[in-house]
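Everything below concerns the one structure shown next.
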Amino acid sequence: MRSRIRIFLFIIVNAIITVVQGQVTFIIESLPNTTPEEDTLFICGTFNEWNVHDIKYMLRPQLNGTYSISLPADTGTIEYKFVRGSWMKWETNEKNEYCPNRKFTFDTNRKVRVKIINWQDLGGVKSYNYMVLFLFASAFYGLSLLFLVYRIQKTNILKYRTFFALNIIIILTLLGGVLHNQTNLIWQSHIAMLGYLIFFAWSPTLALFLNSLRSRKIYQHLLIHYLPSLFLLLLALLRLLNFKPILFLLDEINPYMNLGNSILMLLGIGVNTFYHLKLFKILQLRPINEERLPREILLVNSIFFISSGALLMLMINFILLLAKITWSVLLNFEAPLIIISGIIIVEFYYFWKFPEILRDKAIQNPIGNSEDLISRLDKLMQKQKPFKNPELNIAELSDMLETKPHILSKVINERFNKNYRDFINEYRVNEFIKSSISDKYKNYTFLALAHEVGFNSKSTFNLAFKKVTKLSPRDYLKHNHTIIKL
């Protein structure tokens, strides 16, 4: 029984080896970037009587971007060429001149790697795409922005780190668009995969940057939000290794989109839409034309709406390609790239004119969470009593509360129906009244005590006291039990 099993296994292994060793694989590693994506590649030669459209000798795209075909091993030498289904579409040399037939002699070599330089009907001439010049200029503009921001004095490191992460992604995306247009067809597939990786990482990075500008707590576990990007990175590695079980992803939906590209595009659109909706809800965005908005909010609004516009354009681009509408601007997804480059222009304007946006400390208590701010303000005034500092201004008080002056001012106006100065003076007056019955201040005159609680002049003290109590300080002290000296 064991001997029969051994014989059976030997036959199977020998058959596998015979099949593997009985084939020669021709691999196209490089194609001119003028090659139309919808065209089919064939190998023809002495082995099939130079039939240029023989389905049995059609090359198949591989996961790693190459094209290949396996021929049965034989003896002797064959001559062959690569064509695109017609004798008018054969391969030529750099000068678009006729090149001799390729030759291969069957031996132990089982892989033949080929680079196609040119096509006879295309002549190596590709019309210049001026959009590429715009994308390259935008990427260069983005690099200039990085140097500009690097020279700004750093206060909030989180803003700097998230800014650089976001803008490096934008620059890589724009340069990827340039390279995709200029490089050969094989490398275009690799650049497209990098584009998908960036697409999945875009929204989490955008959320991180806008969070640093508005100081909203969007998420805590950073790695979880980059899991789709890590999954795509794994898929890219499997693709480079030509992992056969996922070869089905190359099935064509139409000449411009295959199954893998369509699935990745749909997943990427879903991930980015989810984050954009979440950002819209959490950031409490307002119309850009609203008057007297803080610059941080205007910047956040601008970046968010540009990003949303690019995402919408990408969806439209994807739908049009599925419908086989193939304008040149659609094939390379240039329209979304042009829109996304607007973020660089907006950032350059704001950080050049208002560098304090990056210098300022984080806003821990936006207006939308005023109850928490009021609670912390009351605790600060009761325990630390910063109002005793006669030079205290709203900027210093805002720093203590880790918020912005305009936010604190708005909360005081809306909640207490008074301006900042009256608000602080009321605390000083109440502290004066409380101290006036304390043994600690029995040797103080009322003017000395006024200075003690934060007033820097007698006239200011008198006006503030009467505004709060409806009495002058002297009248109030006469009618109330106090131990300070009049």
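The values are calculated or read from the model by the stated rules, or taken from the named source; none is laboratory data. Worth saying up front: this structure is predicted, and the values here are computed from it rather than measured. Cβ atoms come from the backbone with ideal geometry, glycine included; neighbour counts cover every protein chain shown. Heads up: the accessible areas ignore ligands, DNA and RNA and are worked out on the full protein's heavy atoms, side chains in. Shrake-Rupley method; radii C 1.70, N 1.55, O 1.52, S 1.80 Å.
Show which lysines lie in cross-link reach of residue 111 when reach means a straight Cα distance below 24 angstrom and same-chain residues fewer than eight apart are skipped. Cα-Cα hits under 24 Å: 56, 81, 103, 244.
Could you tell me the calculated FRET efficiency between residue 107 and residue 353, based on Cβ-Cβ distance and R0 = 60 angstrom, to the nearest 0.05?
The value I calculate is 0.30.
Volume per residue of the convex hull around the Cα atoms, evaluated for region 218-278, comes out as 85 Å³. Taking 7 Å steps out from each Cα toward its Cβ at residue 137 and residue 73 produces label points 5.8 nm apart. FRET efficiency for the pair residue 417 and residue 330, taken as 1/(1 + (r/R0)^6) with r the Cβ-Cβ distance and R0 = 60 Å, rounds to 0.55. Within region 59-159, all pairs of alpha-carbon atoms sorted by distance into 10 Å bins from zero give the percentages 11, 24, 23, 14, 12, 11, 5, 0.
Against the set (1) 42; (2) 62; (3) 50, the structure's computed percent of Cα pairs over 31 Å apart falls on (2). In a DSSP loop and with at most 12 other Cβ atoms within 10 Å, the GluC sites (Glu not before Pro) in region 377-415 are 391. Note on residue 122 and residue 96: the extension gain reaches 8.5 nm, defined as 0.36 nm multiplied by sequence separation minus the Cα-Cα distance. Here the dipole of the chain is about 2400 debye; that uses its Cα centre as origin and unit charges on the Cβ of Lys and Arg (positive) and Asp and Glu (negative). Share of carbon and sulfur in the accessible area of the chain stands at 60%, probe radius 1.4 Å.
What 222 nm value per residue comes from the helices of the chain, counting each DSSP H run with n ≥ 4 as -39,500 (n - 2.57) and dividing by all residues, nearest 500 deg cm²/dmol?
Estimated from H runs of four or more residues: -18000 deg cm²/dmol.
Relative to the dominant Cα principal axis of the chain, helix 370-383 is inclined by about 40°. Highest-first packing order for the peptide set 206-212, 39-45, 442-448 is 206-212, 39-45, 442-448, based on the mean count of other beta carbon atoms within 10 Å. Mean sequence separation of contacting Cα pairs (under 8 Å, at least six apart), scaled by the length of the chain, corresponds to a relative contact order of 12 percent. Along the axis of the charge dipole computed for the chain (Cβ charges of +1 for Lys and Arg, -1 for Asp and Glu, origin at the Cα centre), the listed residues 176, 464, 394 are led at the positive end by 464. Remark on region 371-486: ratio of C-alpha radius of gyration to 2.2 N^0.38 Å is 1.10. Annotation: average projected area of region 180-251 is 6.6 square nanometres, based on the convex hull of Cα atoms across all directions. Between residue 462 and residue 391, the FRET efficiency from the beta-carbon distance, with R0 = 25 Å, is close to 0.80.
Here the gap between residue 51 and residue 182, fully extended at 0.36 nm per residue and compared with their Cα-Cα distance, gives a gain of 44.0 nm.
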